[in-house]
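Input: a single structure, listed below in structure tokens.
No value in this document is a laboratory result; all are computed from the given coordinates. This is a predicted model, so every value here is computed, not measured. Note that each Cβ is placed from the backbone with ideal geometry, even for glycine, and that neighbours are counted across all protein chains shown.
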Amino acid sequence: MQSTVIAPSILSANFAKLGEEVDNVLAAGADWVHFDVMDNHYVPNLTIGPLVCEALRKHGVTAPIDVHLMVQPVDRIVPDFAKAGASVISFHPEASAHVHRTIQLIKSLGCQAGLVLNPATPVEVLDYVLEDLDLVLLMSVNPGFGGQSFIPSALDKLKRVRGMIDKTGKPIRLEIDGGVKTDNIAQIATAGADTFVAGSAIFGQSDYAGIVRRMKDAVAG
Ligand code: DX5
Ligand code: ZN
């Protein structure tokens, strides 16, 4: 099992002062920055692109930037994010014509590769590619918006994917995204997640350090 990572989703941050928000949440003990990219095509919302990722690096952010691509097609934008300083690049299999090729493309550019499963995407999509991945991201909401409720069937899916990952013997992270809060994170950790995205739960509070600490304490049991 990997170390615990809390990855605040900046989708719920104040974009008018994004650099400061990211500095504050990292100073509060967050480990990664979760960077949601939406294209108003694959998902019904439009957010930020490589320019903003690059701006965060220029601002001095050294923590891993965990890019969650909700865009179609995928391959065209991957090199731009690699150049902009992305650490992990994850994508949805439904948005790529050639999933294996996209994974290899991400890795060839020096980034870690992740595959994202929507709530209704079967775990079998991981067959034949799991060992090539650095991370599996399970959506516990339908992608497109922050602030939605955790879909309970994600817990069973986490258990199944945890078993698949353990069988490989490889240090593949299992990340969960959507509706993660202080009151359900322990149950989510027990089901097998080691990497936790939280947007509204963190940025909706004024005390970032308090909430990150409560999340880590709950995961540690
Ligand atoms: C949803 C995004 C999530 C979202 C999570 O499409 O991928 O990262 O920001 O937000 P919360 O934690 O508020 O559900
Ligand atoms: Zn996300």
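General remarks:
- Net lengthening on full extension, Thr168/Ala27 (0.36 nm per residue, minus Cα-Cα): 47.3 nm
- Environment charge at Arg162 (Cβ cut-off 15 Å; Lys +1, Arg +1, Asp -1, Glu -1): +2
- Helical runs (DSSP H, four residues minimum) scored at -39500 (n - 2.57) apiece and divided by the length of the chain put the mean residue ellipticity at 222 nm at -9500 deg cm²/dmol.
- Net charge contributed by nearby residues that have their C-beta within less than 12 Å of Ile10 (K/R +1, D/E -1): -4
- Across the range 1-114, the relative contact order, built from alpha-carbon pairs under 8 Å that are at least six residues apart, equals 21 percent.
- About the centre of its Cα atoms, the chain shows a dipole size close to 200 debye [charges on the beta carbon of Lys, Arg (+1) and Asp, Glu (-1) only; nearest 20 debye].
- DSSP beta bridges in the range 5-220 [antiparallel fraction, %, rounded to 5]: 5 percent
- Applying 0.36 nm per residue to the separation of Gln148 and Gln2 and subtracting their alpha-carbon distance, the gain on full extension is 49.9 nm.
- The residues packed around Val74, meaning those with a beta-carbon under 15 Å from its beta-carbon, carry a net charge of -2 if Lys and Arg are +1 and Asp and Glu are -1.
- Note: relative contact order over the chain, using C-alpha pairs below 8 Å and six or more positions apart, is 22 percent.
- Highest-MSF residue in the chain out of Glu124, Glu175, Glu20 [GNM, Cα springs under 10 Å]: Glu124
- Comparing Leu135, Leu105, Leu11 in a Gaussian network model of the chain where C-alpha atoms under 10 Å apart are linked, the largest mean-square fluctuation is found at Leu105.
- Label point of Lys17 set 7 angstrom out along Cα-Cβ; within the range 185-221, amide nitrogens under 18 Å from it belong to 202-210.
- Highest-MSF residue in the chain out of Ser200, Ser12, Ser149 [GNM, Cα springs under 10 Å]: Ser149
- Pairs of Lys residues in the range 5-220 that lie 8 or more places apart, or on two chains, and have C-alpha atoms under 15 angstrom apart add up to 5.
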